[in-house]
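These notes concern the structure reproduced below.
Only the coordinates and a few stated rules stand behind these numbers; no lab work does. Please read all numbers here as calculations on a predicted model, not as lab measurements. Glycine also receives a Cβ, built like all others from the backbone with ideal geometry; neighbour counts cover every protein chain displayed.
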Amino acid sequence: MNRPEKLIEGDIRLDGRRPDELRPIKIKVGALNRADGSCYLELGGNKVMAAVYGPREVHPRHMAKSTSAVVRYRYSMASFSVEERKRPGPDRRSIEVSKVSREALEPVIFEEYFPRSAIDIFVEVLQADAGTRTAGINAASIALADAGIPMKSLVSSCAVGKVDDTLVLDLNKDEDNYGQADMPVAMTPDGNITLLQMDGHLTRDEFREALEMAKGACTTIYELQRAALVEKYSSQMEGGDVIE
Ligand code: UDP
């Protein structure tokens, strides 16, 4: 698709959102039976599945750490997830996304509780529409909680960007392709930033404002993550599975 003449008209973006509006989010906790914890999440046109295994034995053995767990994160895009078929297997981008996503989650995991073990996080992108790393981090954070991994808090993630000189939340594909800046952020509910990337340019004032927008969005996402976990576990408790 060619660049649309305008990405934002008045106060309305091409997909009908206002600048500070997120795309609709759907969350299903525990979507996979064989993982220790899992989460299926939709963020607008993004569809991702996160699966967590562990704490479990580390293979290969030499990767084990004697004083803490090793956390591994594998972000992977299905070849059918994007417009132009993606070659299966890791590439530079997926290795980078895996690294920054792991670093976004590690600060909240009590790794020291599980020396010599592995906590493995897999994120599979089934459909991509810009924002897959943020969708993946949101899903992985829930899957970790679903697996019962001790955590200081959840992590919530959202991108802010600039299109047609306007700051906008949660960029879609056209805004990502043709915008002036894209800044994915992840943070804990008390505002500790665990991921901050920037593609493009923002002035100092724009950066400050963008960060405030990201904070507001992460708070909204945190409430949805929390509600999805409460819904799953409170219905289990009502069924008598958990309470003695
Ligand atoms: N994308 C694509 N093919 C690729 C990689 C990415 O079509 O091989 C698209 C996909 O929709 C993705 C978007 O480009 O969501 C933006 O990619 P980016 O690297 O900015 O990461 P994301 O925003 O998904 O975290």
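Quick notes on this one:
- Out of Leu229, Leu211, sole residue that is within 22 Å of Ala145 (Cβ to Cβ) and within 20 Å of the chain's Cα centre (by Cα): Leu229
- In the condition set (1) free of Cβ contacts under 8 Å to residues at least 40 places away in the same chain; (2) more than 16 Å from the ligand (Cβ to nearest atom), Tyr53 is compliant with all but (1).
- Restricting the stretch 133-161 to residues that are surrounded by fewer than 24 Cβ atoms within 10 Å (Cβ to Cβ) and farther than 21 Å from Asp190 by Cβ, the residue that is nearest to the ligand (Cβ to nearest atom): Ala147
- Counted residues, the stretch 106-127 - those being out of contact with any strand residue (DSSP E or B) (no Cβ under 6 Å at 6 or more places or on another chain) and either hydroxyl-bearing (Ser, Thr, Tyr) or within 12 Å of the ligand (Cβ to nearest atom) (or both): 1
- Residue list for the stretch 173-185, restricted to those being within 11 Å of the ligand (Cβ to nearest atom) and surrounded by 23 or more Cβ atoms within 10 Å (Cβ to Cβ): Glu175, Met183, Pro184
- Within the stretch 11-35, residues that are in contact (Cβ under 8 Å) with a residue 12 or more places away in the chain and in a loop (DSSP other than H, G, I, E, B) have Cβ atoms under 7 Å from residues that are acidic (Asp, Glu) and surrounded by fewer than 19 Cβ atoms within 10 Å (Cβ to Cβ) in these pairs: Leu14/Asp174; Pro19/Asp11, counting only partners at least 6 apart in sequence or on another chain.
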